[in-house]
Each structure stands twice: as C-alpha cells, then as structure tokens.
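Note sheet for the following structure.
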Amino acid sequence: MPENDAVMGSVAALVGRGAVEVQNYPVPATGPGEALLEILQANVCGSDVGIYHHRNPVLRDVVLGHEFVARVAVLGEGLTHDSAGTPVAVGDRVVVVYFRVCGRCRACGRGEFNMCVNWADTMAVPPTQAPHFHGAFASHYHLSAGRHFYVVPDGLTDAEVAGANCGLAQMLFTLERIGVRRGQNVVVQGCGGLGLYACAVAARSGARVIAVERDPDRIAAAARFGAGDVVDMRIDVSDGDRLSRVAELTDGDGADLVIEVTGRPAAFAEAVAFARTGGTIASVGNLGVGPGAELSITPASFTRKNLTVRGFLRYDPWYLRRALDFLLDTRDLHPYGSLSDRVYSLDEIDTAILRTESGGAMRAAVVP
C-alpha cells in the first residue's frame with residue numbers, strides 16, 4: 001500500500017507488558033473501498049487494561065485502543081455510503097465496528113457474526129506493519145475495505161458517542177440475546193463503563209436494576225444510569241452479607257439475571273449465588289488468562305439451580321447502529337459524556353490505563 005511521506009501520524013504501541021511507546025509512521029494512502037479517519041476521542045475499555053498487562057493471548061504487539069469516534073479525512077474510490085446505506089462524506093463523524101466480520105468463515109455462515117474467526121485480522125497486526133494505524137490510541141485509523149461503520153448523527157457529542165462501538169453495542173447485544181424483560185430483577189456486578197451501559201439498557205427494558213459496587217463515585221454514577229438499588233460492598237463486606245442484601249431486594253427470590261462485568265473470577269462465583277433458581281448469568285467481563293484467572297466451582301451449583309450461563313464477546317455488527325439510536329433516545333436520561341475524569345493525550349496512555357484500572361475513571365478519554 002502506498003504511503004504519503006509528507007504526512008506523519010502517531011500511534012500508541014504496546015512494546016511490552018505494561019510498556020507503551022508513541023511511534024510515528026507515514027499516514028497511508030487509501031485504496032478502493034477504504035478510508036482514512038482522524039481519531040476524535042477514544043476510550044480506555046476494561047479489555048484495554050487486560051491487553052496492556054498481556055492478559056490477552058492474541059493481542060500483544062499491537063496499537064492499543066478500539067473504542068472510539070473519528071472524522072473522515074479521506075474516502076477511497078467507491079466508498080459512498082456507510083453500512084446502513086447512509087451517505088458518507090469527508091468531514092463526517094463515524095463509529096467503526098472495532099473487529100472484522102468477514103462473512104465467509106464457518107461462524108459467519110452460521111449467522112454467528114460476533115464469533116467470526118477473522119475478527120482480529122487488523123487488531124492483532126504490529127504497528128510496524130503497514131498501514132500501521134490499526135488501533136484507536138492514535139492520530140489516525142485506517143478503515144479497510146468491507147469493514148462495518150456508521151455515520152454519527154449530529155445530535156450526539158464526541159464524548160457521548162465514543163463508547164458506542166464497544167461498551168454500549170455489547171450490552172445491547174447481550175441483553176437482547178438474553179431476553180431481559182420488564183419487571184425482572186437484574187443484578188449488575190461492577191459499575192465501570194460496561195456496567196453503566198448495562199444499567200442503562202436494562203432500565204430502558206423496564207427491569208429493576210440492582211448495582212453491586214464498592215466505589216462511591218461509581219455507585220453514584222450507577223444511580224444516574226438507571227440503577228434503582230445498590231449493594232454497597234463497603235457496607236455488605238462479606239459474600240454472605242451481599243447475598244442477604246440481594247435476597248432482601250428481591251423478596252427472597254434472587255436475581256432473574258446477573259450481568260458480570262467486573263473481570264474478576266470471584267465475581268462469577270458470586271453471580272451463581274445471586275441468581276434465583278432458573279435464573280440466568282451473562283458473563284461479559286472475564287477475559288483474562290493465566291495465573292489468577294482460574295476459579296474453583298461446584299458443578300452441582302448450576303444443576304441444582306437450573307441455571308443458564310452464557311458468555312458474550314463482541315456483537316453482530318448492526319448493533320452499533322442500534323447503539324447510536326439508543327443514545328439519541330436516552331441521552332437526556334443518562335450522562336453518557338461524563339465517564340472520564342479528564343482528557344488524556346497519547347503521551348499519557350499509561351496514566352489513562354492505570355487510572356481506569358484503579359477505578360478513578362469509568363472510561364478514561366484519550367484525545368490525540
């Protein structure tokens with residue numbers, strides 16, 4: 001692919017466990033069906049924290065970041081509309097499905113687009129390989145031909161929409177597949193960015209949302225995103241205390257649905273206790289591998305309670321368009337633009353990631 005040597009861009013490259021280096025590369029030219037995007041805002045997702053610490057077995061020598069909103073700088077020949085048929089032009093803001101859906105592998109052939117075996121074909125490429133701009137913590141993003149993307153409506157701010165292509169689309173997909181219904185008791189374990197989106201989507205469905213969290217700022221945020229009740233881990237310190245609190249809030253029945261988005265194996269074990277007999281657990285947060293990521297659990301716990309347990313990773317690509325609609329419908333109900341404590345530059349990626357990991361920000365915002 002030809003490159004324009006007159007224009008340089010920057011990427012935040014993961015060069016080792018917990019080591020980020022800002023590298024500069026020529027901005028690539030665009031071929032047919034491709035586009036060059038300028039990153040407006042990217043968020044630090046919980047999975048970025050895991051990648052940063054080398055807990056992801058696939059993504060190591062990569063450009064960090066995947067949750068973002070961008071502006072179209074260059075459109076390649078033939079690219080005239082987004083994936084929903086909306087006309088696209090230079091200067092438009094867009095959100096991109098951060099993974100690839102090839103449409104040809106066996107998973108795609110079964111209609112399991114979130115499980116496409118080629119999902120990481122660009123994400124897993126090292127930054128030294130052209131076209132270099134494979135991640136969101138960068139000045140630019142290279143949109144390859146055939147990728148799913150959507151034009152952002154004018155009514156949404158960059159801060160509001162930056163989380164649509166990962167956190168919000170993921171929770172819309174998860175809760176629709178689970179089938180959350182009005183009147184159900186839904187426990188959300190963890191109120192980082194993903195948990196707050198879960199609260200908003202569940203509340204919009206008419207469910208009663210119970211948030212489990214220890215951080216006071218995140219507890220306050222959960223209330224603003226639709227949680228009606230809370231299990232405060234500073235008060236309900238032990239497993240037994242929390243189980244009693246959930247039982248109290250559900251008239252002794254337990255949760256119809258538990259959404260685990262903490263990324264901690266111990267939370268999954270607690271989800272089994274929270275769920276009612278015949279209930280469902282959606283595990284979305286546990287992506288880590290290696291020492292400390294294992295859990296000892298009794299299979300009889302699932303059998304005796306007739307539990308349904310489902311893991312969710314990625315989503316069908318059109319859920320990103322639904323996420324934009326959801327934001328427009330609910331932006332007056334929830335403060336989507338307030339998930340970061342401040343704006344971080346590319347030179348501050350380490351700080352932004354560690355700030356998110358410590359709980360200081362629900363979704364630290366990176367603005368190149």
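Report the residue count in the range 338-368 for those that are surrounded by fewer than 21 Cβ atoms within 10 Å (Cβ to Cβ), β-branched (V, I, T) and not in a loop (DSSP other than H, G, I, E, B).
2
For the range 230-250, indicate whether the set of residues that are assigned by TED's automatic domain parsing to the domain that holds L175, β-branched (V, I, T) and surrounded by fewer than 16 Cβ atoms within 10 Å (Cβ to Cβ) is non-empty.
Yes, the range 230-250 contains a residue that is assigned by TED's automatic domain parsing to the domain that holds L175, β-branched (V, I, T) and surrounded by fewer than 16 Cβ atoms within 10 Å (Cβ to Cβ).
Look at P368 and say whether it is modelled with pLDDT under 95 and closer than 20 Å to L194 by Cβ.
Spelling it out, it is not the case that P368 is modelled with pLDDT under 95 and closer than 20 Å to L194 by Cβ.
Mind listing just one residue for me: the one in the range 266-323 that is modelled with pLDDT of 90 or more and of a type in the set (S, T, N, Q) and, of those, nearest to L172 (Cα to Cα)?
Per the criteria, the residue is S283.
So which of N43, N56 ends up being at pLDDT 95 or above and either surrounded by 14 or more Cβ atoms within 10 Å (Cβ to Cβ) or in contact with a helix residue (DSSP H, G or I) (Cβ under 7 Å, 6 or more places away or on another chain) (or both)?
The unique qualifying residue is N43.
Going through the range 101-119 one residue at a time, which ones are in a loop (DSSP other than H, G, I, E, B), under 19 Å from the mean Cα position of the chain (by Cα) and surrounded by 16 or more Cβ atoms within 10 Å (Cβ to Cβ)?
V101, C116, W119
Among R208, R224, which is the only one that is assigned by TED's automatic domain parsing to the domain that holds L243 and in contact with a Pro (Cβ under 7 Å, 6 or more places away or on another chain)?
Answer to the check: R224.
Identify, from the list T298, T351, the residue that is in the same structural domain as R110 (by TED's automatic domain parsing) and β-branched (V, I, T).
After ruling out the rest, the residue left standing is T351.
Does V49 qualify as being assigned by TED's automatic domain parsing to the domain that holds D347 and more than 12 Å from L143 (Cβ to Cβ)?
yes
Determine whether the range 201-219 contains at least one residue that is among the charged types (D, E, K, R), within 20 Å of the chain's Cα centre (by Cα) and farther than 14 Å from M362 by Cβ.
yes
Give the residues of the range 85-120 that are farther than 20 Å from Q170 by Cβ and acidic (D, E), sorted by residue number.
Selection gives D92 alone.
Table: residues versus (1) surrounded by fewer than 18 Cβ atoms within 10 Å (Cβ to Cβ); (2) not polar (S, T, N, Q).
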{"residue": "T277", "(1), (2)": "yes, no"}
{"residue": "S283", "(1), (2)": "no, no"}
{"residue": "G311", "(1), (2)": "yes, yes"}
{"residue": "D329", "(1), (2)": "yes, yes"}
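If you go through the range 331-348 one residue at a time, do you hit one that is of a type in the set (V, I, T) and either over 16 Å from G193 (Cα atoms) or in the same structural domain as L194 (by TED's automatic domain parsing) (or both)?
Looking through the range 331-348, none of the residues is of a type in the set (V, I, T) and either over 16 Å from G193 (Cα atoms) or in the same structural domain as L194 (by TED's automatic domain parsing) (or both).
Sort through V94, V63 and tell me the only one that's crowded, with 23+ Cβ neighbours inside 10 Å and more than 14 Å from I349 (Cα to Cα).
Going through V94, V63 in turn, just one is crowded, with 23+ Cβ neighbours inside 10 Å and more than 14 Å from I349 (Cα to Cα): V94.
Determine whether V284 is β-branched (V, I, T), in contact (Cβ under 8 Å) with a residue 60 or more places away in the chain, closer than 19 Å to C45 by Cβ and in the same structural domain as F173 (by TED's automatic domain parsing).
yes
For the range 300-337, enumerate the residues that are part of a helix (DSSP H, G or I), farther than 30 Å from G103 by Cβ and within 18 Å of the chain's Cα centre (by Cα).
Y336, G337, listed by residue number.
Please enumerate the residues belonging to the range 188-206 that are surrounded by 24 or more Cβ atoms within 10 Å (Cβ to Cβ) and without any contact (Cβ under 8 Å) to a residue 60 or more places away in the chain.
Y197, C199, A202
The values are calculated or read from the model by the stated rules, or taken from the named source; none is laboratory data. This one's a predicted model, so the numbers in the text were calculated from it and none came from an experiment. Cβ: placed from backbone, ideal geometry, glycine included. Neighbour counts: every protein chain shown.
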